[in-house]
1. Could you please give the count of residues in segment 82-118 that are without any contact (Cβ under 8 Å) to a residue 60 or more places away in the chain and outside any loop (DSSP other than H, G, I, E, B)?
2. Select, from Arg83, Arg102, Arg75, Arg50, the only residue that is among the charged types (D, E, K, R), more than 15 Å from the chain's Cα centre (by Cα) and closer than 18 Å to Val158 by Cβ.
3. Could you say whether any residue in segment 70-79 is open to solvent by less than 80 Å² (accessible area, probe 1.4 Å), farther than 30 Å from Pro26 by Cα, of a type outside the set (D, E, K, R) and in a strand (DSSP E or B)?
4. Just one of Cys21, Cys49 is farther than 24 Å from Val98 by Cα and at pLDDT 95 or above; which is it?
5. Just name the residue that is farthest from Ile130 (Cα to Cα) out of those in segment 48-63 that are open to solvent by 30 Å² or more (accessible area, probe 1.4 Å) and in contact (Cβ under 8 Å) with a residue 40 or more places away in the chain.
6. Failed condition for Ala156, given (1) under 21 Å from Pro32 (Cα atoms); (2) part of a helix (DSSP H, G or I); (3) small (Gly, Ala, Ser), with all others met?
7. Could you check segment 119-136 and list, in sequence order, the residues that are over 9 Å from the mean Cα position of the chain (by Cα) and in a helix (DSSP H, G or I)?
8. For segment 123-149, what are the residues that are closer than 26 Å to Glu44 by Cβ, surrounded by fewer than 19 Cβ atoms within 10 Å (Cβ to Cβ) and among the aliphatic types (A, V, I, L, M)?
Amino acid sequence: MPARPGSSAVSNFDVDLLRRCSEVGPIDSVQPAYNILNREIERELLPFCRTMDIAILAYGPMAHGTLSGTFAVSRLAPNDWRRGDHPLLDLPAALRAVELLRPLAEARHWTVGQLATAWVIANPHVTSTIVGARTPAQTRATSEVLLHGVDDSVRAEVDRALHISS
């Protein structure tokens, strides 16, 4: 969706705040956290944005690196926020999910991070996702998923692997 004069984008707004802001002017996009483990936006935000024609630019598809498939707690600094209790991340759940998803990713010749990103992209209500990368190889890996195409079967397979009913 191209930007237009007077257009606006917001980050981490809930539906109530979006409603209030929409009374002042149009909201073109919202940037929420969204990944396999953090699905809160599916309840209200995604349906509202679909109704209001607001683009979704999801961030954190790999849950801050924990769903990359290469994440290691041992490499975290002692004060790294991912070590503690945080509303955006349940570290033990993320590490369990990686092990459950690894066979599914390998069957597609993907990394777990590629699978996690594909799961977000496969949601028809997500316009795009913001994927962090530290190296050109990581950027290429994400691009490969997009080039091969992602369909909604990815979402169903992930949910089955994690024992989540959709």
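The values are calculated or read from the model by the stated rules, or taken from the named source; none is laboratory data. The structure displayed is predicted, hence computed values, not measured ones. All Cβ positions, glycine included, derive from the backbone under ideal geometry; neighbour counts span all protein chains shown. Just so you know, the surface numbers come from the protein's heavy atoms only, side chains and all, with ligands and any DNA or RNA stripped out. Shrake-Rupley method; radii C 1.70, N 1.55, O 1.52, S 1.80 Å.
1. 24
2. Unique residue meeting the criteria: Arg102.
3. So far as segment 70-79 goes, no, none of its residues is open to solvent by less than 80 Å² (accessible area, probe 1.4 Å), farther than 30 Å from Pro26 by Cα, of a type outside the set (D, E, K, R) and in a strand (DSSP E or B).
4. None of the other options fit; the residue is Cys49.
5. Filtering segment 48-63 for residues that are open to solvent by 30 Å² or more (accessible area, probe 1.4 Å) and in contact (Cβ under 8 Å) with a residue 40 or more places away in the chain, the one farthest from Ile130 (Cα to Cα) comes out as Arg50.
6. (1)
7. Passing the criteria: only Pro136.
8. Answer for segment 123-149, where residues must be closer than 26 Å to Glu44 by Cβ, surrounded by fewer than 19 Cβ atoms within 10 Å (Cβ to Cβ) and among the aliphatic types (A, V, I, L, M): just Ile130.
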